[in-house]
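Report on one structure; see the data block that follows.
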Amino acid sequence: MPASFVVFLVAMPLSLGVAVASGAPVEAGLIAAIVGGVVAGLLGGSPLQVSGPTASLTVIMFSLIETYGWRATCAITMCAGILQIVLGASRVARTALAVSPAVVHGMLAGVGVVLALSQLHIVLGGSPQDSALDNLVDLPRQVLAQHSLATGLGVLTIVVLLVWERTPWRRVPAPLVAVAAATAVAWFGGFDVPRVDLPSSLLVHWGPPSLPDGALPDVVGAVVAVALVAGVESLLCSVAIDRMRPVGVARSDLDRELAGQGAGNFVSGLLGGLPVAGVIVRSTTNVRAGALTRGSTVLHGIWVLVLAMSCGAVLEQIPLAALAALVVTLGLRLIDRSHLRGLRPHRESLIYWVTLGGVVVLGVGEGVLLGMGLVACLALRRLTRVSVRTEQRDGRWHVVVEGSLTFLVVPRLAAVLAGIPAGAPVDLDLDVDFMDNAAFDAIHTWRVSHERLGGRVDIDEIHESWYESAMTGESSPPPRKTAGSSRWWAPWANRGRRRPEALEQASPREILLAGVREYHGSTARLVRPIMAELSMAQTPDHLFITCVDSRVVPNLITASGPGDLFITRNVGNLVPRNGARVSDDSVMASVEYATSVLNIKTITVCGHSMCGAMAGVLGGGTEIEHLPQLSNWLKHANHSLDRFLHEPDPEDARTPLDRLCQVNVMQQLDNLLTYPWLKHRVETGELELVGMYLDLETAQVHILDPEQGRFLTVPDSVEPSEERAPRKGGAPHGTTAFPA
């Protein structure tokens, strides 16, 4: 109930603003908000997503209304809804996610630019031109022209929108406050400015939708454009909300969501409303306001209906300049620089800017097609990109070819091979995932020619058998090398090998510096993009408490990268209990920072076999009596030892030490629950505790099953159902199953 009211306060002014900016009747925005909440909310597959009129369709709708008229545009909206229902029933929703995010974000940014330019003219007291470029050219004249009181109200609205979110009262939606402030000033000042013209009934101007009067290909293109833009935005919004959903809320069913959006668009078009789509602003507001079911989405639509039917006189006092200013701000926020920063490391910024420019200059459909065409060209270029490296070492030539070998790269490869002196021994390493006949013929011809002149060519052993079979025409695509040329876990790859002579007599410090130099030479450039992004802020997913043992590498056993884990390491992966006689705040300081500042929702305690700390505890501490600090610290493991002595050994325990190592993980999870604030978060589902155990001998990770009270290997464990809420305090040791 509270979440629905908060979303309703956000939706009301935005729905009116989108309707005005689209050139549609004002009531069309309210109808779309009601239908998006009730129909799409009930039938959609994303429980927490809120649908309604969206700014991303404003430019398209304005063009359609100008071309075909309002009732024909409603028919186009209905047909777009039918198309979305068909696509949802065909279970192709995930295909829409194949559209490059660079194109989607570029399209939204372009729509934002067009929207801001057009509505800015209304704020300044003028009228928008026919195109975004004309609006941009005419903007200086409009700025220098004489302005009316409406302009002041528009400026006031923008100022309140920008300032309100920095105040302590920012929980009250800024759009509502800004529009209310402008309305109050206009009311008390008695300003004679254009205001909202709302009919006495939402359906007073309703008439049956009419068929568009235009060429069939153009009409079909309009239907497809509305369906795809609204559908893709809804699906992307669903995916984004899934990342924010509270524990226990089901993941979105994208096919059902697309069909639900289609039903909403059909009903909205039938009743004379704008197209609906999942709106990220309202959806994130819904989640942050505490929504847990689709009830908040449905109720927000009902509140819009109640207000529209009972408070029309209040809505009619809203100045149009205030709504235009609201849409200007909304359009500028569609230009999200964080998306551009995310695209830059992947070298996709050009796609973003080309799509944005295409939308502004040519139109939404043309801009999207232009962006998708560029994506296809870049993908083709990347697929045909081949790395060819040569070096001379110990009297032999080494040639490494990586990538996909096609006829497009044959000239470059032939030029490199032709540069190798006649008669020289050559090692040819073909680390390729595809080779067409032209590339194979070029390599084979060069090899035969080179060996006739006295040279020797050794093909990498992984591909030698394939190469020989290719000569008979019986080959399949070459197998991809598993190791590749990049040793991402260096220097582990050298373990067991003979060190270079230069480091044979080196000190540990010199060996360490040599490793740093190797990192700078080979790895730093590869991780620089992600490290540059992480330099601004860290957003880890898990707090990982584990042992200082050098054989435990958290990022390796969890297949995670930089920035994914917030790691705390200590001797024995211990968590001091609340009120322990041997006080230590270091571990809980990390827990507090992780949960309260970084908003981490999962804490993992990871132990391992052959733990030296547990061996000391099991031996009674006699071996470490001469180490006072260590002896004092291991007193925190006394509860683990007591539990070990009083609980029966499981059948799968190999040694007493291994059993103690596992029991210690369970006990540390219990120790976490001795802190009341943390236990409360676990019981309410805000925080999840996970037990993990690494068997060093088999390199196998085991996960604590709270229901069985024992550790299971990951392939044997059962993934928790997405529909099932986590256990709230009922599981042994206060833990839940490891998240899938």
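The modelled label-to-label distance between Q700 and D394, using points 7 Å beyond Cα along the C-beta direction, is 3.9 nm. In a solvent-free Debye calculation with one equal scatterer on each Cα, what is log10 I(q)/I(0) for the range 370-415 at q = 0.14, 0.18, 0.29 Å⁻¹, listed in the order of the q values? Values returned for q = 0.14, 0.18, 0.29 Å⁻¹ are -0.46, -0.64, -1.01.
Taking amide H as placed 1.01 Å from N in the peptide plane, R195 has its amide H under 5 Å from the amide H of L320, each at least 5 places away in sequence or on another chain. Across the range 82-88, computed HN-Hα scalar couplings (Karplus, 6.51 cos²θ - 1.76 cosθ + 1.60, θ = phi - 60°) run 4, 4, 5, 4, 4, 5, x Hz from first to last residue, x flagging Gly and Pro.
Which percent, nearest 5, of DSSP beta bridges in the chain are antiparallel? If you can, show how the numbers build up before the last one.
On the way: 19 of 50 bridges.
Within the chain, antiparallel bridges account for around 40 percent of the total.
The simple Förster model, with R0 at 51 Å and r as the Cβ-Cβ distance, assigns L512 and R288 a FRET efficiency of 0.65. The residues packed around V196, meaning those with a beta-carbon under 13 Å from its beta-carbon, carry a net charge of -2 if Lys and Arg are +1 and Asp and Glu are -1. Convex hull of alpha carbon positions in the range 1-60: directionally averaged projected area 4.1 nm². Given +1 at the Cβ of Lys and Arg, -1 at the Cβ of Asp and Glu and no other charges, the dipole of the range 544-687 around its Cα centre is 220 debye to the nearest 20.
Which value, in debye to the nearest 20, describes the size of the charge dipole of the chain about its Cα centre when Lys and Arg Cβ atoms bear +1, Asp and Glu Cβ atoms bear -1, and nothing else is charged? With Lys and Arg at +1 and Asp and Glu at -1, about 1260 debye. Would you work out which of V597, L320, A422 lies farthest towards the positive end of the dipole of the chain? Charges go on Cβ: Lys and Arg +1, Asp and Glu -1. Projecting each Cα onto the dipole axis, the largest value belongs to L320. Compute the distance from the alpha-carbon center of the range 243-294 to that of the range 1-57, in whole Å. Taking the Cα centre of the range 1-57 as reference, the centre of the range 243-294 is 10 Å away.
Judged by the gyration tensor of its Cα atoms, with axes a ≥ b ≥ c, the range 575-706 is oblate; a/c meets the 1.5 cut and b/c is at least as large as a/b. Ranking V137, Q538, A613 by Cα position along the charge dipole of the chain, where only Lys, Arg, Asp and Glu carry charges on their C-beta atoms, puts V137 farthest toward the positive end. Think of each Lys and Arg Cβ as +1 and each Asp and Glu Cβ as -1; about the Cα centre, that makes the dipole of the range 246-327 roughly 200 debye. Taken per residue, the accessible surface of the range 306-378 reaches 49 Å², heavy atoms only and a 1.4 Å probe. Does the range 121-181 come out rounded, prolate or oblate, given a ≥ b ≥ c as the square roots of the eigenvalues of its C-alpha gyration tensor, rounded meaning a/c under 1.5 and, failing that, prolate meaning a/b above b/c? The shape class here is prolate.
Using equal-weight Cα scatterers in the Debye expression, the normalised intensity of the range 1-137 in log10 at q = 0.14, 0.17, 0.18 Å⁻¹ is -0.80, -1.15, -1.25. Which of the listed residues, V582, L120, V276, is farthest toward the dipole's positive end in the chain, when Lys, Arg count +1 and Asp, Glu count -1 at the beta-carbon? It is L120, whose Cα lies furthest towards the positive end. Indicate the gyration tensor shape class of the range 175-267 (rounded, prolate or oblate), computed on the Cα atoms with a ≥ b ≥ c the square roots of the eigenvalues: a/c under 1.5 is rounded; otherwise a/b larger than b/c is prolate and the rest oblate. Verdict is oblate for the range 175-267. Probing with 1.4 Å while keeping every protein chain in the model, the per residue accessible area of the range 558-709 equals 47 Å².
Please report the net charge: other residues with Cβ closer than 12 Å to the Cβ of G563, K and R +1, D and E -1. Intermediate values should be presented prior to the final figure.
On the way: positive: none; negative: E533, D541, D564.
It works out to a net charge of -3.
Give me the 1.4 Å probe accessible area per residue for the range 50-112, excluding ligands and nucleic acids, in Å². Mind dumping the intermediate values first?
Numbers: 2230 Å² over 63 residues.
Averaged over the residues of the range 50-112, the accessible area is 35 Å².
So what's the chain giving for Rg/Rh, alpha carbon basis, Kirkwood Rh from the mean inverse pair distance?
Values: Rg = 32.3 Å, Rh = 30.7 Å.
Rg/Rh: 1.05.
Database remark: amide H of R251 closer than 5 angstrom to no amide H (H placed geometrically; neighbours at sequence offset of 5 or more, or on other chains; Pro and chain starts carry no H). Dimensions of the range 337-414 from C-alpha coordinates, computed as largest minus smallest value along each principal axis and given longest first, are 60, 29, 14 Å.
Ignoring ligands, DNA and RNA, what percent of the 1.4 Å accessible area of the chain is carbon and sulfur? Can you show the working numbers first?
Values: 21870 of 36860 Å².
Answer for the chain: carbon and sulfur cover 59 percent of the accessible area.
The values are calculated or read from the model by the stated rules, or taken from the named source; none is laboratory data. The structure displayed is predicted, hence computed values, not measured ones. Don't worry about glycine lacking a Cβ; one is built from the backbone with ideal geometry, like all the others, and counts go over all protein chains shown. With ligands, DNA and RNA removed, areas are computed over all heavy atoms of the protein, side chains included. Shrake-Rupley method; radii C 1.70, N 1.55, O 1.52, S 1.80 Å.
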